[in-house]
Amino acid sequence: MSREARRREFLRATGGALATGSVIATSGCLGVITGSEPAEFSASVASVPESTLESTGFEENRIEPMEITREFTVAGQTREVVVTNQIAEYDKAAEVLGERIQASLFVALSTPAVEVAGRTFNPIAEMGTRELARQLLSQYDGISNLQDDGEETVEVLGTDSTVGLFTADATVAEGITTEVRLHVSEAIRTGEDFVVTVGAYPTQLSGQAEDVRTMMRSVEHDGE
C-alpha cells in the first residue's frame, strides 16, 4: 500500500468508524419505528473555519455525507431507515522518523440525534470517550494498544466537553509505526444533532496538542 493510500485509510478510519458505529448501534433501537415510508434522519455539517485552519496549519481533506440505509421488520412490517452523518476531516504534514508525512489529523463528526416521539435513539449520546475511542480502533487494524492517558475539559460548541486522552500504536505510513496520542471529545448536543471531535498526532509532536484544542474550540455547526 502506498504512503498516500495508507494516509487516506487512517483518515477514513478516524471519522468513518465513529459514524458507521453510531448508526449500527442506533439501528437496533430504531426497530420500534413502523410505517410505510422510509424514515430519514440527516445531520448538518460541523466544520472548522478557514481562519483556524490558517493559524493551526491544518488543511481540509474532505467534508462529505455518509449515508447508511437499514431495513427492519417489526410485527410483520418492514421499515427502511436512512441515516446521514456528516464527516469533516483535516490533516497536516509533520516529520516523523525523518519522513515527512500527513500525520496530524482532526475530525468533526455530526450525527443526527434521531428523535422519535420525544425519545432520542442515537446511543452515541451515552458513549464515554473511551468507548468512542474503542469504536475507532475496532474498525481499523492499523491502530492497536489503546491506553488511557487522562482527560481534560475543552469548550466545544459553547459547552464544556470532557475530552479523553489516549495513546495507541498506529501505522501512519507504509513501513512507519509510531505511538500516537488521541483527543476524543464526548458527544455534544447541538440543535438536532450530536457532534464528536477527534484529534490524533504522533506523541513526539507534543506541540500539536494545543492546535487540536484550538480546532475543537473553533468547530461550527450549520444547524445552530
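Right, Ala200: under 24 Å from Val83 (Cα atoms) and open to solvent by less than 10 Å² (accessible area, probe 1.4 Å) or not?
In short, no.
Find the strands (runs of 3 or more DSSP E) located wholly in the range 1-110 whose residues include 2 or more that are at pLDDT below 90, in contact with a helix residue (DSSP H, G or I) (Cβ under 6 Å, 6 or more places away or on another chain) and more than 19 Å from Gly142 (Cβ to Cβ), and list them.
Of the strands (runs of 3 or more DSSP E) lying wholly inside the range 1-110, those with at least 2 residues that are at pLDDT below 90, in contact with a helix residue (DSSP H, G or I) (Cβ under 6 Å, 6 or more places away or on another chain) and more than 19 Å from Gly142 (Cβ to Cβ) span 59-74, 77-96.
Looking at Thr177, Thr190, Thr162 in this structure, which one is surrounded by fewer than 17 Cβ atoms within 10 Å (Cβ to Cβ), within 17 Å of the chain's Cα centre (by Cα) and either without any contact (Cβ under 8 Å) to a residue 40 or more places away in the chain or under 24 Å from Pro49 (Cα atoms) (or both)?
Thr162
Based on what the data block shows, is Glu220 under 25 Å from Thr120 (Cα atoms), open to solvent by 20 Å² or more (accessible area, probe 1.4 Å), touching a residue at least 60 places away in the same chain (Cβ under 8 Å) and touching a helix residue (DSSP H, G or I) at 6+ places or on another chain (Cβ under 6 Å)?
no
Out of the residues in the range 118-142 that are of a type in the set (Ser, Thr, Tyr) and open to solvent by less than 40 Å² (accessible area, probe 1.4 Å), which is modelled with the lowest pLDDT?
Tyr140
Do you know which residues across the range 201-221 are of a type outside the set (S, T, N, Q) and either modelled with pLDDT of 90 or more or within 11 Å of Val156 (Cβ to Cβ) (or both)?
Ala209, Glu210, Asp211, Val212, Arg213, Met215, Met216, Arg217, Val219, Glu220, His221
Test of understanding: among Glu151, Glu115, Glu210, which residue is farther than 22 Å from Glu67 by Cα, acidic (Asp, Glu) and surrounded by fewer than 14 Cβ atoms within 10 Å (Cβ to Cβ)?
Just a single option satisfies the conditions, and that option is Glu210.
Per-residue answers, yes or no, for (1) of a type outside the set (Gly, Ala, Ser); (2) at pLDDT 95 or above; (3) not in a strand (DSSP E or B):
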{"position": "Asp160", "(1), (2), (3)": "yes, yes, no"}
{"position": "Gly164", "(1), (2), (3)": "no, yes, no"}
{"position": "Thr171", "(1), (2), (3)": "yes, no, no"}
{"position": "Glu179", "(1), (2), (3)": "yes, no, no"}
{"position": "Leu182", "(1), (2), (3)": "yes, no, no"}
{"position": "Val198", "(1), (2), (3)": "yes, no, no"}
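The values are calculated or read from the model by the stated rules, or taken from the named source; none is laboratory data. Values in this document were obtained by computation on a predicted structure and should not be read as measured data. As a convention, Cβ positions derive from the backbone with ideal geometry for all residues, glycine included, and neighbour counts pool all protein chains shown. Accessible surface areas use protein heavy atoms only, side chains included; no ligands, DNA or RNA. Shrake-Rupley method; radii C 1.70, N 1.55, O 1.52, S 1.80 Å.
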